[in-house]
C-alpha cells in the first residue's frame, strides 16, 4: 500500500537529487519493479482459485516493500522515479490483495466490511485528488501510511495463517482512513508536486519558513 508499508515509504526525495541518484537502474527499483510484476501473477492465482500460491506471492510483495526502501536509504539510491515506481507497485499489491481477500476470505470479513468500504473510498480519493491537482499519481509516502502498511501486512499474515483478528482489522481500517485523509490534506497544501514529504506537519512547517 503508500505506506508504507515498510522502509520504502521513507525514500527521501525532498533533497536535491544528483544525476547519479536519478539513475533508476538500481537494486531498490528492481525490487519495486519485481513487486509490480508479481501483482498480475497473484491476480491469476485468484482467478484460478490457488489460495496458497496467492498467499506466497502477496507475502513476497509485502516483504519486498520493506526491503527496497531499506536498501534505497542504506545505499543512498533514493530517486524520484523510484518513489513513484514504489507507489505504483504498492497500489497494485493493495488492489490485488484486496481482490484475493474478497475471493478467499469474504465470509470472515462480512461483519466488518463497512470499515473496509470507508477505507477504500478515501484510498481512491487520496490518489484521485493529487492526480487532478498535479497530473501525477501521488508518491508522498507520509509516515501514517507507512504505519498503515505495517498493519496491512500484519492483517494479511494473520488472515491467511491463524485467522481473522477483528481488533487488528478494524484498527488498520481506522489508521488507513486517517492516513488517506492526511494524504489528501498534503495534496491540497502543497503548491507544487513533491515526493516523500513525510506528513502534513512537515508540509505546513515548510510553508511557514
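All of the numbers you see were taken from the coordinates with simple rules; none came from a lab. It should be emphasised that the depicted structure is a prediction, and the values quoted were computed from it without experimental measurement. Ideal geometry is used to build each Cβ from the backbone, glycine not excepted, and the neighbour counts take in all protein chains shown.
Based on the Cβ-Cβ distance from residue 30 to residue 110, what FRET efficiency comes out when R0 is 22 Å, to the nearest 0.05? Each step should come with its number before you reach the end.
Details: r = 39 Å, r/R0 = 1.78.
Plugging the Cβ-Cβ distance into 1/(1 + (r/R0)^6) gives 0.05.
Consider just the alpha-carbon atoms of region 55-103 and return their Rg together with their Dmax, both in angstrom.
Every Cα atom of region 55-103 included, Rg and Dmax give 12.3, 40 Å.
How far, in degrees from 0 to 90, does helix 51-75 lean away from the longest principal axis of the Cα atoms of the chain, to the nearest 10?
20
For the chain, max minus min Cα coordinate along each principal axis, in Å, sorted largest first?
51, 33, 26
If you average the sequence gap of Cα pairs under 8 Å that are 6 or more apart and divide by the length of region 7-208, what percent do you get for the contact order? Could you put the intermediate results ahead of the total?
Details: 255 pairs, mean separation 56.6, N = 202.
Averaging sequence separation for qualifying contacts and normalising by length gives 28 percent for region 7-208.
Between the helical axis of 27-47 and the dominant principal axis of the chain, each derived from Cα atoms, what acute angle in degrees is found, rounded to the nearest 10?
30
By how many degrees, between 0 and 90 and to the nearest 10, does the Cα long axis of helix 80-109 differ from the longest principal axis of the chain?
Approximately 20 degrees, to the nearest ten.
What is the Rg over Rh value, at two decimals, for region 108-181, using alpha-carbon atoms and the Kirkwood definition of Rh? Mind dumping the intermediate values first?
Numbers: Rg = 13.4 Å, Rh = 13.0 Å.
Looking at region 108-181, the ratio lands at 1.03.
Tell me the label-point distance for the pair residue 132, residue 164, using the 7 Å Cα-to-Cβ offset, in nm and rounded to one decimal.
3.3
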